[in-house]
Amino acid sequence: MTTLTKTEDSPAPTGADPFLSVRDLYVRFSTEDGIVKAVDGLSFDLERGRTLGIVGESGSGKSVTNLAVLGLHNPKSTTISGEILLDGQELTGAREKTLERLRGNKMAMIFQDPLTALSPYYTVGRQIAEPFVKHTGASKREGRLRAVEMLGKVGIPQPQTRVDDYPHQFSGGMRQRAMIAMSLVCNPSLLIADEPTTALDVTVQAQILDLLKDLQQEFGSAIILITHDLGVVANTADDILVMYAGRAVERGSVKEVLQSPRHPYTWGLLGSMPRLSGDVEQPLKPIPGTPPSLLNPPPGCPFHPRCAYTGEVGGDRCSSERPVLPEGRGGACHLTAERKQSIFIEDIQPALG
Amino acid sequence: MLQFLLRRSIGAVVILILISAFTFFLFFSIPQDPALLACGKNCTPDAIKIIHQNLGLDKPVPVQYWNFMVGIFAGRDFAVGHCSAPCFGYSFANNQPVWNTIVDRFPTTLSLTVGGAFVFLLVGLGTGMLAAWKRGTAVDKTFSSVSLVLSSMQIYFLGPIVLGLLVYSTDILSSPKYVPFTENPGQWFVGLLIPWIVLSVIFTANYTRMSRSTMIEQLQEEHVRTAKAKGMSSRYVFFRYAWRGSLIPIVTIFGMDLGSLFGGAIITEQTFSLAGIGRLAVESVIKTDLPMIMGVMLFSAFMILLFNIIVDAAYAWIDPRVRLS
């Protein structure tokens, strides 16, 4: 383990159980072509009031992990093993009724595309009030008042009248605000935001992220922010978990991961991110190759077919031995810490500008 | 919404005018003289000529068409008597205005089709939703295969079998007959039960299969997942979120089925000897009762268009996006 410079707001290592703890999570889908190992031995922790950014390409298992936390996978075609502890309560294998009481109440989710994620058949107000009425036993009238209050809180003008509108009468940004209002209506302790800004205009993105931050301060929720956009994470999250092929390949605080990343995949993500301050002539560097098939992931380190530094590791360790992600700060890579640091400083950092 | 209905109504009127013109010129141009029916046995050319004059058949066809159309709204006077609006002409075979016969026969057909539609929607949607709910289980497979068998049934095949089983050999029910609802609701129900079942069978299977597949489709929609993520129970999500969305394709198909439903009514009425509009259509074709054919054609076209507009209005009730745009 490497020594870290500790920021003041990092969780105190008192040995108290974290609010959300995921241990050795495996999620497998049986399909006609075989078994898809969508999440492959994932572990992470999250404290109250903190934001964890989960970053990775499409198909890296980000969304699958979080749907597993909510228990939204079809049990017929999905096998989930491992531990998901929410405030000490085991969620894997929990009964549907138990999960129903937690969903929308203690843990809530914001989906990527608010147009398809909101039902076109019911008013925004009704959809916001539903979980409130269900979980708190409030009357329909109280639910409606609560919906108006929430809409006001997320910055919808004239919430008293907009509450009776249908989602298609809202603009994209307002729909996402409504979605956020819906997820926060019961003051959840855990909020999972699955690419909450991807379907929105860039100008609206920042507003939505600010809104999430403000609401987190007000409610003290723990947030998991799923994204493929490192820029979003940099502004919003406290910690980062980088996922690749269903595994965590690097974790650390935002500062640590963005300033001294320790996995070639993270280098690739940083290199493919456009920068306003960067040289216009400097081309973006995409990561070569495509994400691996999760039906048949590469042996050893799943990133090795796309990695430019396998030659630096002795023998065929990259293709035969699965690198371990150390607890706390670290990256799952066979390169030595010193070598990683020198490669990052010499090869990667200059190109980032 | 109002504008939408208005547009649909205008469209329907245009369609009705086209249908009336088409039927009129088609039937009045075939070499069959309607006057022969009115003339009776000892018919002389002079008598036919007088009848022609009395009924306006000596005038050119466009003029006759015009008089016919005006008659619908203003009524007409024939030598045999006054035919008050709506006048669809005078039937020589029945010796009474066409409209009176239609009014007489219509309740039977309305009871038959509405009741039949109610049965196949209830049973079809019910079994389809149950199959979707129990997807992949024995229940699902049973419903799916039974519906496949039933969908290949025909009314004139199934009708006699049901009659034989429930009426002739077991006396569970008496022979189908129409008793007006206003007269005796119980007998109305019992008398039409067999025709309803037989008429609905050929439709039920389609609705089972369709509501099953649209429900399964809807259950994979993202907004249905959102509802689950809010902690709503599976039952609530199924009936409130998925079902609402599955109604739209079903209503669409139902609108298209209205025509076949009337076609089915013709065969059903014929099979069970019920005196409805369908049977009237068959009788009048056999007797070459041209004004009656004309009247039945126009009337059924009107009813089908009317129900289509009602179905369109149902869209707006189901989907607020239609209502507001």
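Which distance in nm do the two modelled labels at A:Met273 and B:Phe106 give, with both placed 7 Å along the Cα-to-Cβ direction?
With each label point 7 Å from Cα toward Cβ, the separation is 7.3 nm.
What's the angle, to the nearest 10 degrees (0 to 90), between helix B:61-74's Cα axis and the longest principal axis of chain B?
Between helix and principal axis, roughly 70 degrees.
Using Cα pairs closer than 8 Å and at least 6 residues apart in sequence, work out the relative contact order for chain B, in percent. Can you show the working numbers first?
Numbers: 372 pairs, mean separation 73.9, N = 325.
Computed value for chain B: 23 percent relative contact order.
Have a look at the DSSP beta bridges in the protein assembly as shown and tell me what percent are antiparallel, nearest 5.
Counting only bridges with both partners in the protein assembly as shown, antiparallel ones make up about 65 percent.
If you count, for every residue in A:127-135, the Cβ atoms of partner chains within 10 Å of its Cβ, what is the mean?
Whole-number average of other-chain Cβ neighbours for A:127-135 is 3.
Most exposed first by the Cβ proxy, i.e. fewest other Cβ within 10 Å, how do B:Tyr90, B:Tyr178, B:Tyr236, A:Tyr122 rank? Provide the component values of the computation, followed by the final result.
Values: B:Tyr90 25, B:Tyr178 22, B:Tyr236 16, A:Tyr122 19.
Ranking B:Tyr90, B:Tyr178, B:Tyr236, A:Tyr122 by Cβ neighbours within 10 Å, fewest first, gives B:Tyr236, A:Tyr122, B:Tyr178, B:Tyr90.
If you take the Cα atoms of the protein assembly as shown, find Rg, then find the Kirkwood Rh from the mean of 1/r over all pairs, what is Rg/Rh?
1.17
Give the average, rounded to an integer, of partner chain Cβ atoms located within 10 angstrom of each Cβ in B:241-247.
Values: counts 4, 1, 1, 4, 3, 0, 1.
Mean shielding by partner chains, rounded to a whole number: 2.
For A:Met243, B:Met129, what's the fewest-to-most ordering of other Cβ within 10 Å of each Cβ?
With the sparsest Cβ surroundings first, the list reads B:Met129, A:Met243.
If you take the square roots of the eigenvalues of the alpha-carbon gyration tensor of segment A:119-218 and sort them as a ≥ b ≥ c, do you get rounded (a/c under 1.5), prolate (a/b over b/c) or oblate?
Note, shape of segment A:119-218 comes out oblate.
Per-residue Cβ counts within 10 Å, from other chains only, averaged over A:96-108: what number is that?
3
Could you work out the relative contact order of segment B:175-258, using alpha carbon pairs under 8 angstrom and six or more residues apart, expressed as a whole percent?
About 22 percent, as a whole number.
Mean-square fluctuation check for chain B, GNM, Cα pairs under 10 Å: which of B:Leu18, B:Leu150, B:Leu112 is largest?
Of B:Leu18, B:Leu150, B:Leu112, the most mobile in the Gaussian network model is B:Leu18.
So in segment A:182-311, what percent of DSSP beta bridges are antiparallel if you round to the nearest 5?
Percent antiparallel among DSSP bridges in segment A:182-311 is about 55.
Looking at segment B:58-166, which trypsin sites (Lys or Arg not before Pro) are in a loop (DSSP not H, G, I, E or B) and have at most 15 other Cβ atoms within 10 Å? Display every interim value, and only then the final one.
Working: sites: B:Arg76, B:Arg105, B:Lys134, B:Arg135, B:Lys141; in loops: B:Lys134, B:Arg135.
Filter output for segment B:58-166: B:Lys134, B:Arg135.
Between 0 and 90 degrees, rounded to the nearest ten: what's the tilt of helix B:185-219 against the longest Cα principal axis of chain B?
Its long axis makes an angle of about 50 degrees.
Along the three principal axes, how long is chain B when you take its alpha carbons, biggest first, rounded to the nearest angstrom?
Taking the Cα atoms of chain B, the three principal extents are 84, 57, 35 Å.
Scan segment A:211-277 for trypsin sites (Lys or Arg not before Pro) in coil per DSSP, keeping those whose Cβ has at most 13 other Cβ atoms within 10 Å, and list them by number.
Taking segment A:211-277 and a limit of 13 other Cβ atoms within 10 Å, the loop trypsin sites (Lys or Arg not before Pro) found are A:Arg275.
Got a sec? Charge dipole of the protein assembly as shown, +1 on Cβ for Lys and Arg, -1 for Asp and Glu; which of A:Leu269, B:Phe203, B:Thr271 is way out at the positive end?
Checked the options; the winner is B:Thr271.
If you take the beta carbon distance between B:Gln96 and B:Ser260 as r and set R0 to 41 Å, what does 1/(1 + (r/R0)^6) give as a FRET efficiency, to the nearest 0.05? Before the final figure, lay out the partial values.
On the way: r = 31 Å, r/R0 = 0.75.
So the FRET efficiency works out to roughly 0.85.
Under 29 Å between alpha carbons: how many lysine pairs meet that in chain B, if sequence neighbours fewer than 8 apart on the same chain are excluded?
Lysine pairs satisfying the spacing and distance rule in chain B number 10.
So how do B:94-104, A:218-228 stack up, highest first, on mean other-Cβ count within 10 Å?
The peptides rank, most packed first, as A:218-228, B:94-104.
Helix-derived [θ] at 222 nm for chain B: sum -39500 (n - 2.57) over DSSP H runs of at least 4, divide by residue count, nearest 500? Spell out each step's value before the answer.
Values: 13 runs with 231 residues, N = 325.
Taken over chain B, the calculation gives -24000 deg cm²/dmol.
Once you sort the root eigenvalues of the Cα gyration tensor of chain A as a ≥ b ≥ c, which label holds: rounded (a/c under 1.5), prolate (a/b larger than b/c) or oblate (the other case)?
Prolate, because a/c is 1.5 or more and a/b exceeds b/c.
Relative contact order (percent) for chain A, with alpha-carbon contacts under 8 angstrom and 6 or more residues of separation?
19
Among B:Ile310, A:Ile208, rank each residue by its count of other Cβ atoms within 10 Å, from fewest to most, as a rough exposure measure.
B:Ile310, A:Ile208
For chain A, what is the percent of antiparallel DSSP beta bridges, rounded to the nearest 5?
Among the beta bridges of chain A, antiparallel pairing accounts for roughly 60 percent.
Sort A:62-70, A:151-159, A:37-45 for me by packing, meaning the mean count of neighbouring Cβ atoms within 10 Å per residue, highest on top.
A:62-70, A:37-45, A:151-159
Taking the Cα atoms only, what angle lies between the long axis of helix A:140-153 and the longest principal axis of chain A, rounded to 10 degrees?
It works out to around 50 degrees.
Read-outs: derived from the displayed coordinates by stated rules, not from any lab. Just so you know, these numbers come straight off a predicted model, no measurement behind them. Every residue, glycine among them, receives a Cβ derived from its backbone with ideal geometry; neighbour counts consider all protein chains shown.
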